[in-house]
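Peer 1: Below is a structure I'd like to ask you about.
The values are calculated or read from the model by the stated rules, or taken from the named source; none is laboratory data. Here the structure is a predicted model, which is why all the values come from computation and not from measurement. Neighbour counts are summed over all protein chains in view; Cβ atoms, including those assigned to glycine, are modelled from backbone coordinates with ideal geometry. All accessible areas refer to the heavy atoms of the entire protein, side chains included, with ligands and DNA or RNA removed. Shrake-Rupley method; radii C 1.70, N 1.55, O 1.52, S 1.80 Å.
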Amino acid sequence: MNAQAKIATRAPMTNKTVDVVVVGAGFGGLYMTHRLREAGLSFQGFEAGSDVGGTWYWNRYPGARCDIPSLLYSYSWSDELREGWSWSEKYAPQPEILAYANHVADHFDLRGGFAFNTRVTSAIYNEATQRWTVETDGGDQIEARFCIMATGCLSVPRRPDIAGAETFAGETYVTGLWPHEGVDFSGKRVAMIGTGSSSIQSLPLIAQQEGTLARKHEVVYYGAALNRFNRHDRETLSFSIRYSFVDCLHPRPGDHLVHPHGGLARSSIFRRRRVASENDGGDGAKEALRSTKNTADIEC
């Protein structure tokens, strides 16, 4: 959904004090605000875009997708979230990843913690007061104990420094700032500069458009074939089993997973899920996943 349609024009926030300012509403920023709320800390988030998603909000070029398995590119801190979302492909495309970010924001009601269409212009730390003063292009001025930059390492697109580029009369696009409405390259000649993953992903789809001649600049780096395939329930079940086992090895606060006589506790939920998977891997395994929610049943 579009935050622009949901959030009315707001007055600047001045003289506001919070525990934490979070910059960026991508995967890191969403998770951070969720944890801050759980910890009972006050916070204010800022996002330059009109909605959540981070890099998946901005990068909408043809062929954009995750280059690691979708099940690994997912939040692992919520069983409810993990079991309530199903990926359609092993390597999810950009629209599906963005839909996932929106699903998370909706499910955990995270949008309310952010001011969208707002870019942070300065963040100054005062050694004397040990507080940050954060200002934005919307006139906001907020003080906070902590300032967390959840902007990621690829948030600033790099435009090539080519002499005479400003005189080019044709259309120019940057993959990191791709138009949300898409681009029609039919009947046009296209030159592509750069040989990174964005180029490798987008070039084949752009070249498929009738009448288009796609060219690349520099040298093509090695890229492995995607060999993508639709996600299967058995694969999802396998990941659920692994997560359950990891939860046993790394308990969260409040979990009691160590046997009073010593030694590493092993939860019966993991054992039951494993047996169900080995025996049938179908409806019976899914039922086992649904029926073994109580991790308090622990055996050594």
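Peer 1: Which loop GluC sites (Glu not before Pro) in the stretch 142-202, with loop taken from DSSP, have no more than 10 other Cβ atoms within 10 angstrom of their Cβ? Don't skip to the answer; put the middle values down first.
Peer 2: On the way: sites: Glu143, Glu166, Glu171, Glu181; in loops: Glu171, Glu181.
For GluC sites (Glu not before Pro) across the stretch 142-202 that sit outside H, G, I, E and B with at most 10 neighbouring Cβ atoms in 10 Å, the list reads Glu171, Glu181.
Peer 1: Taking the full set of protein chains and a 1.4 angstrom probe, give the accessible area of Met149 in square angstrom, rounded to the nearest 10.
Peer 2: Taking all protein chains as shown, Met149 has close to 110 Å².
Peer 1: On a full-extension model of 0.36 nm per residue, what is the gain between Ala191 and Ala169, subtracting their alpha-carbon distance, rounded to one decimal in nm?
Peer 2: Result for the pair: 6.6 nm of gain on full extension.
Peer 1: Moving to a separate point now. For the stretch 76-174, with the dipole built from +1 on Lys and Arg beta-carbon atoms and -1 on Asp and Glu ones, taken about the Cα centre, which of Ala115, Ala92, Ala163 lies farthest toward the positive end?
Peer 2: Ala163
Peer 1: Another question about this same structure. In the full protein assembly as shown, how much of Arg119 is accessible to a 1.4 Å probe, in Å² to the nearest 10?
Peer 2: Around 130 Å² of this residue is reachable by solvent.
Peer 1: Using a 1.4 Å probe and counting only protein heavy atoms, arrange Asp67, Asp51, Asp137 so the residue with the most accessible area comes first. Can you show the working numbers first?
Peer 2: Working: Asp67 115, Asp51 10, Asp137 95 Å².
Accessible-area ranking of Asp67, Asp51, Asp137, largest first: Asp67, Asp137, Asp51.
Peer 1: Which whole-number percent is the relative contact order of the stretch 1-127 (Cα, under 8 Å, 6+ apart)?
Peer 2: Numbers: 150 pairs, mean separation 39.6, N = 127.
Relative CO of the stretch 1-127 lands at 31 percent.
Peer 1: Same structure again: Roughly what % of DSSP beta bridges within the stretch 113-214 run antiparallel, to the nearest 5? Before the final figure, lay out each step's value.
Peer 2: On the way: 10 of 12 bridges.
In the stretch 113-214, DSSP labels about 85 percent of beta bridges as antiparallel.
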